[in-house]
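Let me begin by presenting the structure, written as structure tokens, before commenting on it.
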Amino acid sequence: MTTEKDWIKDLVIYQIYPRSFYDANGDGIGDLPGVLQKLDYLEELGINAIWFSPVYRSPNDDNGYDISGYQEIMAEFGTMEDWERLRDACKEKGIRIIMDLVVNHSSDEHPWFLASRSSRDNDKSEYYIWRDAVDGHEPNNWASAFGGSAWEYVPERDQYYFHFFSKKQPDLNWACPKLREEIHQMINWWVDKGVDGFRVDAISYLDKPQDFPDSTQPAQPDGYSFPDILAGRPGTHAYIREMNQHIYAPRNVLTVGEVSAPTVEELGNYVRTSREEFDMAIPFVPPIVEIDTWTPEKLLHDIQESYEALKEDGWWARFFSNHDKPRQVSLYGDDRAYWEVSAKFLAMFLHTLPGTPFVYQGEEIGMTNVKLPSIEDYNDLDTLNMYKQGLLAGMTPEAALARAQLISRDNARTPMQWDNSAKGGFTTGTPWLSVNPNTKEINVKAQRQDPFSIYQCYRNLIALRKKSSALARGDMAFLETGCKELIAFTRSTPGETLLMFHNFSSKEHAIPDALRKDAKKALLSSYDREGGYRGPMLRAYESVIFQM
Ligand code: GLC
Ligand code: CA
């Protein structure tokens, strides 16, 4: 059974990383009352959905992506009553609530795991993935995503458990029907509480090959190999489809899967309508890979390819940023010479593509990467592991630190910059992670007062999407510009056509005459501070939307 889900196509989703958004009680940690206080700000920005990174009970080995109570709120973030107040306030403003759903694994402090690990025969014994030693060693050579072996020994059972992520994140055993039933109940409980959708975390690895073969991937510096064979197995798709058919479709719940899908075909397996799995997907690319390989040409190629593949029966999550990636203006733009204009450019490019745009907190004011002075200043376990692996591979501490500064997930996790004071207006206490010193120049307060700020550019784009059916729902057609860095396309519905030019470089490029003759009225430009589009040359990171 399928229900009409067109409402998801009109969303602009704002991602909140609650730990870093706003601290209402001065303990240095962002919290739910903090979000509530800033809801007017989000309404002013114009977004109509919020994805909350996990707010559940958690010992915070991976900042909430290790859940020890699925139906409880993390004490540092507040109480269930705080969550309900926030929910009611969101409903009142017409803002949809999307919760993070982390069900590939739980915390090792979850009661299920505490029971499961206690013996081989308890009623949660099969809730996790347990294997015997092989020749006195781990069951195979699999590496954990955060370093070391993916197996951890437990004396009480004289067995190892599997953890794709850290050893405090044991994988749940989806082959166990009772476990699946518990998860379904938990999801339904949140839907009953008024949740509109879920961003489903790391969901490509649920099914495991029962022979647990060694991975043939090249070994990491510590000797273990990533089990790439786990991604996208047919059994995993079956578990996803089961959730969709039982819960998401009949209850009209939005789902965004975070998936490992290196090809368009694999992406389609999660989001083509006929598959009945997810409404849209966030394909995960390790930042270490993306930083080294991305180019405007590759980005455009991927966009074209996934557009063609899914335009008949799929939909797209559009994002440049999230809590796992470097800041977009630092990665794809130029956070120095062209900071403002390249941040606007990226926003205009993304928001003119077909699909649902995501805005990650702070992106709307052009927040940048941070360079913390020492590895001790970093919090993220992935960064700390990468640093260790770097040293093992023979890097100098300076080089390993430089790499961490470039790639670290903490780049996206420094506190939101609300004003120009030392702590960025985030907290009155000691922030859990350093505030980027550039809060002096880059902050909400300044940009709210400035008619040509990055923040205003986001407001304009979101408002335009609400008015323009071509932008929200229209087809896309690419136009040949003869230049890899000059991207041109139209978005159109029967009654309306918009024409976009995006110069994805710091060089000037001319719009070909043949394309320019159709350009009538410029609606928005990344050079609004300088009076807008001048043409025919597009300046560095100039982006312009025309009405035709
Ligand atoms: C996802 C999350 C990431 C987390 C991992 C394990 O990739 O986005 O932050 O560390 O899953 O839950
Ligand atoms: Ca707090």
When the range 1-37 is checked residue by residue, the ones that are surrounded by fewer than 19 Cβ atoms within 10 Å (Cβ to Cβ) and of a type in the set (D, E, K, R) are 4, 5, 6, 9, 10, 27
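Going by the conditions given, is residue 18 closer than 20 Å to residue 191 by Cβ and within 16 Å of ligand 1 (Cβ to nearest atom)?
Considered against the rule, which asks whether it is closer than 20 Å to residue 191 by Cβ and within 16 Å of ligand 1 (Cβ to nearest atom), residue 18 comes out as no.
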Sort out which residues of the range 408-455 are over 19 Å from residue 29 (Cβ atoms) and either acidic (Asp, Glu) or within 16 Å of ligand 2 (Cβ to nearest atom) (or both), and write them in order of number. 441, 450
Could you check residue 406 against (1) crowded, with 23+ Cβ neighbours inside 10 Å; (2) part of a helix (DSSP H, G or I) and say which number it fails? (1)
Report the residue count in the range 428-480 for those that are buried (at least 20 other Cβ atoms within 10 Å of the Cβ), under 22 Å from residue 492 (Cα atoms) and free of Cβ contacts under 8 Å to residues at least 40 places away in the same chain. 1
Name the residues in the range 495-548 that are among the β-branched types (Val, Ile, Thr) and assigned to a loop (DSSP other than H, G, I, E, B), would you? 511
Within the range 396-448, of all residues that are β-branched (Val, Ile, Thr) and within 16 Å of ligand 1 (Cβ to nearest atom), the one farthest from residue 362 (Cα to Cα) is 407
Of the residues in the range 362-387, how many are outside any helix (DSSP H, G or I) and either under 17 Å from residue 335 (Cα atoms) or at pLDDT below 95 (or both)? 8
Residue check for residue 292: of a type outside the set (A, V, I, L, M) and at pLDDT below 95: yes
Of 80, 74, 99, the only residue that is surrounded by fewer than 22 Cβ atoms within 10 Å (Cβ to Cβ), within 17 Å of residue 19 (Cα to Cα) and at pLDDT 95 or above is 80
Restricting the search to the range 388-422, which residues are within 30 Å of residue 37 (Cα to Cα) and either out of contact with any Ser or Thr (no Cβ under 8 Å at 6 or more places or on another chain) or of a type in the set (A, V, I, L, M, F, W, C) (or both)? 412, 416, 418, 422
Out of curiosity, is residue 337 away from ligand 2 (no atom under 16 Å from the Cβ), surrounded by fewer than 22 Cβ atoms within 10 Å (Cβ to Cβ), modelled with pLDDT of 95 or more and over 23 Å from residue 286 (Cβ atoms)? yes
Please count how many residues of the range 147-170 are under 19 Å from residue 382 (Cβ atoms), surrounded by fewer than 23 Cβ atoms within 10 Å (Cβ to Cβ) and either away from ligand 1 (no atom under 13 Å from the Cβ) or at pLDDT 95 or above (or both). 5
When the residues of the range 207-224 are filtered to those that are touching a strand residue (DSSP E or B) at 6+ places or on another chain (Cβ under 9 Å) and farther than 20 Å from residue 394 by Cα, which remaining residue is surrounded by the fewest Cβ atoms within 10 Å (Cβ to Cβ)? 216
Would you pick out the residues in the range 225-250 that are crowded, with 17+ Cβ neighbours inside 10 Å and outside any helix (DSSP H, G or I)? 225, 226, 227, 232, 249
Would you point out which residue out of 85, 96 is charged (D, E, K, R) and within 16 Å of ligand 2 (Cβ to nearest atom)? 85
Criterion (part of a loop (DSSP other than H, G, I, E, B) and under 19 Å from residue 255 (Cβ atoms)) met by exactly one of 195, 191: 195
Among the numbered criteria (1) within 17 Å of residue 345 (Cβ to Cβ); (2) in contact with a helix residue (DSSP H, G or I) (Cβ under 6 Å, 6 or more places away or on another chain), which single criterion is violated by residue 489? (2)
Options 152, 156, 126: the member that is over 16 Å from residue 219 (Cα atoms), in contact with a Lys or Arg (Cβ under 9 Å, 6 or more places away or on another chain) and assigned to a strand (DSSP E or B): 152
Scan the range 319-339 and report the pairs whose first residue is away from ligand 1 (no atom under 16 Å from the Cβ) and whose second residue is in a loop (DSSP other than H, G, I, E, B) and among the β-branched types (Val, Ile, Thr), with Cβ atoms within less than 7 Å and a gap of 6+ or a chain change. 329/368; 330/368; 335/368
Residues that are touching a helix residue (DSSP H, G or I) at 6+ places or on another chain (Cβ under 8 Å), assigned to a loop (DSSP other than H, G, I, E, B) and within 16 Å of ligand 2 (Cβ to nearest atom): does the range 35-53 have at least one? yes
Does any residue of the range 320-330 turn out to be acidic (Asp, Glu) and over 16 Å from the mean Cα position of the chain (by Cα)? no
Please specify each residue of the range 2-34 satisfying the condition of being part of a loop (DSSP other than H, G, I, E, B), within 16 Å of ligand 2 (Cβ to nearest atom) and in contact (Cβ under 8 Å) with a residue 12 or more places away in the chain. 17, 21, 22, 23, 24, 26, 27, 28, 29, 30, 31
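The values are calculated or read from the model by the stated rules, or taken from the named source; none is laboratory data. Model, not experiment: these values are computed from the prediction. FYI the Cβ positions are ideal-geometry reconstructions off the backbone, even for glycines, and counts take in every protein chain you see.
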